[in-house]
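Mind having a look at this structure? Questions to follow.
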Amino acid sequence: MIPAKRRCPYVGLVPYSEADWPFFFGRETETELIIANLVASRLTLLFGASGVGKSSVLRAGVAHRLTDQARKNRASSGTPEAAVVVFSAWRDDPLAALTRSIRESVAHAVGYDSGDSGAPRRLADLLQDWVELVGGEILVVLDQFEEYLMYHGREDGEGKFAVEFPRLVNSPGLRVNFLVAIREDSVARLDRFKGRIPNLFDNYLRLQHLSVPAGEEAIRRPLAAFNKSNLAEPVEIDNELVQEVLRQTRTDYGRADQGAQTKEVSGGAEATLAQIETPYLQMVMTRLWEQEEKAGSHILRLATFVEDPPTGLGGADRIVRSHLDGEMESLDPSERDVAAQAFRFLVTRTGSKIALAVDDLAGYTSLPSEKLAPVLDKLTAGGRRILRPVPVPQRPDIIRYEIFHDVLGPAITDWRRRSEAVKQQEAIRREQEERSRKELEDAEARRQRDRSRYQKLGLIFLSTALLILLFVSWFAWQQRLAALDESERAQNAMAQAQDESRKARFALAQAQQAAREAEAAARAAIEARSAQARRVEPSGAAMGSRLREAFLSGDTDKAVATARDLGLLNETARFRAQRVSQNYGIEQGQIYEFSMQPLPDSFAGGLRSLAAVTFKMNHPTFRNQVLTGDPKRNFRTSYIGWGCLTRVPVLLEYADPRRAPELAVFDMCDNLETVSR
């Protein structure tokens, strides 16, 4: 069953996640084999080339299959009988992060969090408790293990992963199995664990690239799964397109020996094995999908794939070239310069690839290794897949780099040629700017000489003008003194008039003060009668004022305690919370529109008994922390964000003015419904 609509059934160059399982095909046999080894053996080693699809099969295949079985077990027998963890966060403290990840997976498997005792405990003791909680085994998948070796290759000692991991593997009574997934070029670095894990290499699996039949499934079956959730607008695919895509994404495509078949010995028999480069198959299919969607077509056509732009994509080679241009643009200019110099020696003029170590490239390019290594790592890591590391036989301490796929060779050569042309144009532009600057400086010098001559003539003219100005100023001063005398006499007369005016205004002010005192006396009398009326019975308004003050304080516990003390805590009111996707995301996650609304049947008089409903979002990430709904919208309020709150205090104000307001609290996340727009 497809859990939700999605825009494209293919994932591009990024690995499949567990949520992508409805569209993950072509690895069924490998998934079953990995699960069988993970369940049966305390330690399994899975290795394969960079980009072969280890993370995808472990998450969308193995983890999904085992998690789904645990969910079924829990539904039928009450216990999941197993919990599966896929862990790859190696950068910081791996042991602490792994502990948190296992706790979360166990809580997900059993349906609740067992909590933390507070006292520090060894991971082995925690695992023993969690094994009893799930009623079976805990299966731990340590993905991208080469990153642990990179970040923590030299760590050791008690409380470190390098000591605790072998201890867990060697604990005979612990019902926890481990699978280590590592890149093929890093397997030799696992020797550091051989002294502590004697059976380290006893059980291992090697993941190969997709076969041609599996590659065809990876094209057709995700499309069929997509069409199940889009019955109104199904998408078709040309059979000729499938075959052409498989041909152009084969690992041997574009080589001189393309017609030859690769042989692999398996069980004493030769088997023909033509392999598909999985990341490039996904990249091509994703780009095809986007192109057809842009054209409004519901058919993935061969013509779109093979024809030149703008009507087509020009084949896998041009798609890869466009991909390369986009990835190189994500680097800053200095990094692009380093990459261009490295590509000069990693790719020949004819587009063939050469594997070189960082020190070799430093010697060829005259760039320091410290400047080359970060750029090479960027081009190797994540979803870029521009370069890949190549191990050196008998020298595990040396890593060479080569282009990720032969089809990238011509694209890299073309990009480097264009990059050098841009640099040459930039040099010409700078030379022209320098020449223009020199010409401007010479012209400015000539203007300065002319200006000096003009300044001398101007000084003579200004001196003469200054003398004339001084005479005019003296005459004007004499005239001004006479005017000041006349002005002083006029001001004296005006002062007398103003004095008379002030006397009149003072009399008027006394009359107005008397009127105000009379009005104040009348109001005092009214307030005295009101105060006497309030002393007759307790004031609901005062209680409401205290409750509102506690509600607006931002302290939910304080608000609840105040409401309980005043007898104004409403524990029967219920609310609805809904979430609607906005179809875009950010560094924190997916953005949604959240809405909240009280349920009419939880109030004696229905929603007509209410005057206002105010939700207080007591969290620093909310810009608007007070959200009020009125009767016009059935007291519904909403906000745009990426998360919900587990405790939301709600102030209920009633239409009956004699009834004091009440406080209710509800779990927004627990009552959250997802609605398709």
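The values are calculated or read from the model by the stated rules, or taken from the named source; none is laboratory data. Treat the numbers as computed from the prediction; the structure is a model and nothing was measured. Neighbour counts run over all protein chains shown; Cβ positions are idealised from the backbone, glycine included.
Okay, residues lined up against (1) of a type in the set (Lys, Arg); (2) within 23 Å of the chain's Cα centre (by Cα):
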{"site": "Leu599", "(1), (2)": "no, no"}
{"site": "His619", "(1), (2)": "no, yes"}
{"site": "Lys632", "(1), (2)": "yes, no"}
{"site": "Leu645", "(1), (2)": "no, yes"}
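Next up: If a residue must be crowded, with 22+ Cβ neighbours inside 10 Å and in a helix (DSSP H, G or I), how many such residues does the stretch 68-97 contain?
Within the stretch 68-97, residues that are crowded, with 22+ Cβ neighbours inside 10 Å and in a helix (DSSP H, G or I) number 2.
I would also like to ask the following. Can you tell me which condition Val39 does not meet? The list is (1) touching a Leu at 6+ places or on another chain (Cβ under 8 Å); (2) surrounded by 19 or more Cβ atoms within 10 Å (Cβ to Cβ), and all the others hold.
(2)
How about the stretch 169-208: which of its residues are more than 21 Å from Arg388 (Cβ to Cβ), surrounded by fewer than 19 Cβ atoms within 10 Å (Cβ to Cβ) and among the polar types (S, T, N, Q)?
Those that are more than 21 Å from Arg388 (Cβ to Cβ), surrounded by fewer than 19 Cβ atoms within 10 Å (Cβ to Cβ) and among the polar types (S, T, N, Q): Asn170, Ser171, Asn199, Asn203.
What about Ser334, is it within 28 Å of the chain's Cα centre (by Cα) and at pLDDT 90 or above?
Details: within 28 Å of the chain's Cα centre (by Cα): yes; at pLDDT 90 or above: yes.
Judged against the criteria, Ser334 is a match.
Applying the selection to the stretch 593-630, what residues are among the basic types (Lys, Arg) and exposed (fewer than 15 other Cβ atoms within 10 Å of the Cβ)?
Here is the first cut: in the stretch 593-630, the ones among the basic types (Lys, Arg) are 608, 616, 623.
Arg608, Arg623 - these are the residues of the stretch 593-630 that are among the basic types (Lys, Arg) and exposed (fewer than 15 other Cβ atoms within 10 Å of the Cβ).
Right, here's the next one. For the stretch 371-408, enumerate the residues that are at pLDDT 75 or above and part of a helix (DSSP H, G or I).
Within the stretch 371-408, Lys371, Leu372, Ala373, Pro374, Val375, Leu376, Asp377, Lys378, Leu379, Thr380 meet the criteria.
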